[in-house]
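Asks: Here's a structure for you.
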Amino acid sequence: MKWEWIDDQAGLTRALSQPDEFIGVDTEFVREDTFWPKPGLIQIGNAEQVYLVDPLAELDFEDFQVWMANPEQVKVTHAGFEDLELFAHHFATQPSPWFDTQLAWACLGGPLSIGLDGLVQAFGHAPLDKSKSRNDWTRRPLAQDLLDYAAQDVVHLPAIARELRQQLIDQDRLSWLMEEQAAVLERIQGLLSNAFDPMDRVKGLHNLSGQGMATMRAMVGWRDETARSQNQARSRIVRDELLLNLADCERWPDLSTLPGYRGGATRRHADALRERFEAGRAGPAEDALPKPSRPSPAQKKANQAMKAAVNACAERHALAPEFLARRKDIEAWAGGKSGPQGWRKALLKEWI
């Protein structure tokens, strides 16, 4: 394996000029304290040559955007959700066409969350060194062993993708992969456009009163907007634990007495948080969420029957049951709240 460090425009042009149909793409990033991933490295290449592109260098990435949309080259990732999120947010681009080997493996019946090392070994290659994933990839210079480590992540992707695509074609499942990838892209666009309710991320809302729910919504919405605009992790603004304990307070308390208080970080945002708290307390109450309860005997029976049908279908088609339907899917389908869509609907029509 050969790799080249790229931190100038000519080098980026070389990295984007590889003639192969399939090109491996990966990223290294840091996200512990930020809302969005901070890019530290972009890996592009195959078994012959890998280019390690420095996203912190003063480069014009317009050619990178054009390359990502090149219809003649398939950009290959493994478990690429966060890579695509990074590309979308920092470079306003998405790979097209795109092929994700983890999703492809699942469509062929493999484990849903197989790591790259497991996939590489499944195709007869030597194990990968995965010991250096937790590093500050924005530090410069990066050590030689880190660069060696990063380069290995794209070496085998093109060859594996070619084989997986042929298997998908042979089993008439390539359309499944396209559906799964379309869902990933839709989710990323939802994240970028702030289309999701930030309350969905918070656990424990059922403990709040109706007024507490309204207050919590006001505070959580403010926190999400602040985290996005300042590119800080939500927990760096204020923790869920503090918000949950604050939401049902009748009046503004001494925050330092509440669980989840973080000292300086909380104090910095106290005035804005208090404004949202008081707005929530002054507004109309929402409906309190029902307390979690055990399913009724009828619900339990329906859930078990649905799970049995999903398991039988998964076994017939050599799929991991959790890929065919997650637990919440099974419960929603059994309760008539929703139903399978796309290729899952076609596959399950004989079973449910």
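The values are calculated or read from the model by the stated rules, or taken from the named source; none is laboratory data. Computed from a predicted structure; not experimentally measured. Note that each Cβ is placed from the backbone with ideal geometry, even for glycine, and that neighbours are counted across all protein chains shown.
Asks: What pairs come out if I take residues in the stretch 188-199 that are touching a residue at least 24 places away in the same chain (Cβ under 8 Å) and pair them with residues that are of a type in the set (Asp, Glu) whose C-beta lies under 8 Å away, six or more apart or interchain?
Replies: Close Cβ pairs (under 8 Å, with a partner that is of a type in the set (Asp, Glu)) amount to Ile188/Glu85; Leu191/Glu85; Asn194/Asp224; Pro198/Asp224.
Asks: Could you please give the count of residues in the stretch 91-116 that are crowded, with 17+ Cβ neighbours inside 10 Å and free of Cβ contacts under 8 Å to residues at least 60 places away in the same chain?
Replies: 5
Asks: Return yes or no: is Leu289 in a helix (DSSP H, G or I), of a type outside the set (D, E, K, R) and either under 32 Å from the mean Cα position of the chain (by Cα) or surrounded by 14 or more Cβ atoms within 10 Å (Cβ to Cβ) (or both)?
Replies: In short, no.
A quick yes/no check of all residues on (1) in a loop (DSSP other than H, G, I, E, B); (2) over 20 Å from Ala106 (Cα atoms); (3) aromatic (Phe, Trp, Tyr); (4) at pLDDT below 95:
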position: Gln299; (1), (2), (3), (4): no, yes, no, no
position: Gln304; (1), (2), (3), (4): no, yes, no, no
position: Asn311; (1), (2), (3), (4): no, no, no, no
position: Ala314; (1), (2), (3), (4): no, no, no, no
position: Phe323; (1), (2), (3), (4): no, no, yes, no
position: Lys328; (1), (2), (3), (4): no, no, no, no
position: Ala332; (1), (2), (3), (4): no, yes, no, no
position: Gly339; (1), (2), (3), (4): yes, yes, no, no
position: Trp343; (1), (2), (3), (4): no, no, yes, no
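Asks: When you go through Leu208, Leu177, Leu244, Leu255 one by one, which is the residue that is of a type in the set (A, V, I, L, M, F, W, C), surrounded by 18 or more Cβ atoms within 10 Å (Cβ to Cβ) and in contact with a strand residue (DSSP E or B) (Cβ under 8 Å, 6 or more places away or on another chain)?
Replies: Checking each option against the conditions leaves just Leu177.
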